[in-house]
Each structure stands twice: as C-alpha cells, then as structure tokens.
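Here's the structure, in structure tokens; my notes come after.
The values are calculated or read from the model by the stated rules, or taken from the named source; none is laboratory data. Quick caveat: nothing in here was measured; it's all calculated off a predicted structure. Counting neighbours? That spans all protein chains shown, and the Cβs are built from the backbone with ideal geometry, glycine included.
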Amino acid sequence: MKINWSIAPWWADCVIRSADDELKTLYWAEPWGTKDGKRCELGAEVRRNDWINIADTASKDHRWLLVAMRPPQVSDLIAKGWLESPSLYAQQIGRVERKLSEWSGDGSPPVGMVCEARKRTPNNSGEWISGDVRYLSDYTIVIGGDDCEYVHHPRTLEFRQVRTPEQIAATERESAIKAFMRIGDIYYCDAEKLYDAGARLPQTSKGKK
C-alpha cells in the first residue's frame, strides 16, 4: 500500500487501523508503541497540526494494526546519530540491495525481500502466501500482506522466490500431466502429448461430491 507522506501531519510517524473495524479505516498516528498517541483519519479535512482522537499502541492488549511506517529521511538518521554522513547511508543502502539480489531462495529471506512462504507440513500441502519481509530475527519473522501481517517462527516456514508467469505455467502443466497419468494409467510421454494437444481435465466445483 502506497502512503502519500507529503500530506501527513508533522507528528504522524505511522499509519494504523483497528483490528475490529470491518471497513479498515486508516489513521495517521504518532510513533508505534505510544500510549495515548494522537491519531486522525486519512483524508480528513484537518490542518497538518490538528489531531482528532487518541490511539494507545503501547498496551499489551491493544487492538491496533500497523499498516505503514514513515520512511526515514537521511537528515533524520544523521541527527539521531544513526548515520555519520549521506555517503555512509548510500553505502548501507548498497549493501542491503546486494543482499536482496543475492538471495536464491535458500534459508530465510532478508528484510525487504518480496517472497512466497508457507507453513511446513508433512505432505507439503500448505498454501503459499506472497509478501515482503518486514522483520527477521532468530525466533520471529514478520511478512506483510496486502492488509495484514503474518508473524511466525522462521523454522516453521519454507520460502521461495516469487515465481514468474512462465514458472507458474510450467507447474500447472506438470500437475496436469501427472493427473492424466493417474486417471488414464498412461506413460508420461503420452500424457505430455495430450496436454500439449490441448486436452484438459474438467474442473470440479468446490463442495461438490
């Protein structure tokens, strides 16, 4: 989700929404983890210094979900002592980009990587989800989806790179060929010819016996 931070109140450090709100209304909010922090609805006609309500994102049992964080500016990082200079910032960004480009799908993906993940099961039947890695430690990984975040232990998941349309088509072709072999009791080469000739198995409706 893209957030236009140029129109955000100066005090807003993140975008949040309530876990109980079916409409998924978004709010500007003070830094995540703030007790009784300011918040106001995105799109509300308020001046940049105004705020309407409060949101407690510090309590253990709060019901707020983090949607996005304000991207840090280089000047902010230097002022906080996290960076010595813009050139050092460029070097760090370069190292992150190299790390992202070097991940081959083995092991846990680095923070910032868009990948696919699913729970490890004995028969590998879990559903793959796609998202970006927002946090990673030895015991926790957070993967962001369209409007939610998935939190797991890295060892409970298996990962792979986001597949290309060609890879998806190849997987579907292979599955269909194996289905022909099971149903027709035929060799792989014959099932392959059937598929390439345009033969397809009828789709069954879900819930239909």
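What is the number of the single condition among (1) surrounded by 10 or more Cβ atoms within 10 Å (Cβ to Cβ); (2) closer than 24 Å to M113 by Cβ that E174 does not meet?
Among (1) surrounded by 10 or more Cβ atoms within 10 Å (Cβ to Cβ); (2) closer than 24 Å to M113 by Cβ, the lone unmet condition for E174 is (2).
What number of residues within the stretch 143-165 satisfy the criterion of being at pLDDT below 85, over 13 Å from the mean Cα position of the chain (by Cα) and exposed (fewer than 13 other Cβ atoms within 10 Å of the Cβ)?
Result for the stretch 143-165: 2.
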